[in-house]
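K.L.:
Would you mind keeping the following structure in view while I ask a few things?
We did not get these values from a lab; they are worked out from the coordinates using the rules stated. Please read all numbers here as calculations on a predicted model, not as lab measurements. Glycine also receives a Cβ, built like all others from the backbone with ideal geometry; neighbour counts cover every protein chain displayed.
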């Protein structure tokens, strides 16, 4: 597993197992929203069929869009019942997830390797 992917997976696992439900739900929403927004942008710019067509259709489908909308509405409801401290933590995790998504796609497009090869 490449460094950025490894770090992102560790972040996701640590959040899921070590943080509160609203915080973990925030990370889930942020990741799914990133996919919806990114693939929607790709679809809007698309001029011909793509080798990535299955991904485009999967992550822009009405069902996926409804799912992400539900996640957002549920997250809003969760946030309403929390303290300002919790909402600040949720915002921070949302932004950190967005940073990991950007780094993940940088890694995917530009390549990446560990500084020292592992056996």
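K.L.:
Going by average Cβ density within 10 Å per residue, which order do the peptides 65-74, 99-108 take, highest to lowest?
P.N.:
On the way: 65-74: 13.4, 99-108: 15.4.
The densest-packed peptide leads the list: 99-108, 65-74.
K.L.:
Using a Förster distance of 35 Å, how high is the FRET efficiency between residue 42 and residue 6, based on the Cβ-Cβ distance and rounded to 0.05? Provide the component values of the computation, followed by the final result.
P.N.:
On the way: r = 26 Å, r/R0 = 0.73.
Here the calculated transfer efficiency is 0.85.
K.L.:
In a Gaussian network model over the chain where Cα atoms closer than 10 Å are linked, find which of 98, 30, 54 has the largest mean-square fluctuation.
P.N.:
Among 98, 30, 54, the largest GNM mean-square fluctuation belongs to 54.
K.L.:
For labels at residue 98 and residue 83 in the simple 7 Å Cα→Cβ model, what's the distance in nm?
P.N.:
2.6
K.L.:
Right, something else. Over 18 Å apart: what share of the alpha carbon pairs of region 1-73 falls there, rounded to a whole percent?
P.N.:
Numbers: 1364 of 2628 pairs.
That tail contains 52 percent of the Cα-Cα pairs.
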